[in-house]
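What follows is calculated from the coordinates using simple rules that are stated; it is not laboratory data. Predicted model, so just to flag it, every value in this text is computed and none were measured. All Cβ positions, even for glycine, are placed from backbone atoms using ideal geometry, and neighbour counts span all protein chains on display.
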Amino acid sequence: MDIDLVKEIPSVEGVTRLNDEMVDGIKILSFKYLPDKAKNAMSSTEAALYKVRLSDKIAEELKDILDISHRIDEFMSQDNCIITKKTKNSIRELDILPLIYEFYYKNKYFYIKCSASSGDNIKPEVIMNEFMRFIGREVELDRVSLSIERLELYTELDENLVSLDEIGINK
């Protein structure tokens, strides 16, 4: 989240004040000042890390898959995974595999690090739907059947993805 302040406040106070006013389900974890030369956080964002949990009903349907991690590896090893992406102004085909930087399964959660840039933004529910199709499950996942928590935002620095939190400054 980007905000402009009339006057500078300590980072700890910023976290407290924002959380006091925040809606249920959203929690501010850190409050950092970007360096003066940095672009705003949203235009700097190149990737995001998500933690995804399937609804109990959908998770039950996957119990017969013995090694979900192996199936993820197979999914990621495909030559391509083409989707039709619709925007306000166009429809285009897009290979999503180059936009998925990490995809793994641990303790009943899927973790997905994927492109979140303004140019090639891919949503975790799109990735999960394509994975489900890949493993032969014809179910359309949405915000009801998935619990999605964004854990981190990343920017590119020296050709590496770096957490926005790492380039920010506590005051």
Say we join alpha carbon atoms closer than 10 Å with springs in a Gaussian network model of the chain; which of SER77, SER69, SER44 then has the biggest fluctuation?
-> SER77
What shape does region 77-149 have by the C-alpha gyration tensor, where a ≥ b ≥ c are the square roots of the eigenvalues, rounded means a/c under 1.5, and otherwise prolate means a/b greater than b/c and oblate the rest?
-> rounded
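Are there trypsin sites (Lys or Arg not before Pro) in region 13-104 that DSSP marks as loop and that have at most 12 other Cβ atoms within 10 Å, and which are they?
Filter output for region 13-104: LYS27, LYS37, LYS39, LYS63, LYS88.
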For the residue pair ASN170 and LYS88, what label-to-label distance in nm results when each label sits 7 Å from Cα along the Cα-to-beta-carbon direction?
-> 3.9 nm
Longest principal axis of the chain (C-alpha) makes with the long axis of helix 124-134 (C-alpha) an angle, in degrees to the nearest 10, of 10 degrees
So how much slack lies between TYR104 and SER43, counting 0.36 nm per residue of separation and subtracting their Cα-Cα distance, in nm?
-> 19.3 nm
Measure off 7 Å from each Cα along the Cα-to-Cβ vector at GLU159 and LYS123, then give the distance between these two points in nanometres to one decimal.
-> 3.4 nm
For a paramagnetic label modelled at 7 Å from the Cα of ILE28 toward its Cβ, which residues of region 127-171 fall within the zone defined by backbone nitrogen distances under 16 Å?
-> 165, 168-171
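If a/c stays under 1.5 just call it rounded; otherwise compare a/b with b/c (prolate if a/b is bigger, oblate if not). Do that for region 1-81, with a ≥ b ≥ c from the square roots of the Cα gyration tensor eigenvalues.
Values: a/c = 4.35, a/b = 1.95, b/c = 2.24.
In terms of gyration-tensor shape, oblate.
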Projected convex hull area of the chain, Cα atoms, direction-averaged, in nm², equals 12.4 nm²
What number, in percent, do you get for the relative contact order of region 1-137 if the mean sequence gap of Cα pairs under 8 Å and at least 6 apart is divided by its residue count?
-> 23 percent
Of the listed pairs LYS57/LYS86; LYS51/LYS113; LYS51/LYS106; LYS86/LYS108; LYS32/LYS171; LYS7/LYS171, which have alpha-carbon separations greater than 19 Å here?
-> LYS57/LYS86; LYS86/LYS108
Could you give the length gained on full extension between ARG53 and ILE9, defined as 0.36 nm per residue of separation minus the Cα-Cα distance, in nm?
-> 12.2 nm
Under the rule of -39500 (n - 2.57) per DSSP H run of 4 or more residues, summed and divided by the residues of the chain, what mean residue ellipticity at 222 nm is obtained, to the nearest 500 deg cm²/dmol?
-> -7000 deg cm²/dmol
All other residues with a Cβ under 12 Å from the Cβ of LEU141 taken together, and with Lys, Arg as +1 and Asp, Glu as -1, what is their net charge?
-> 0
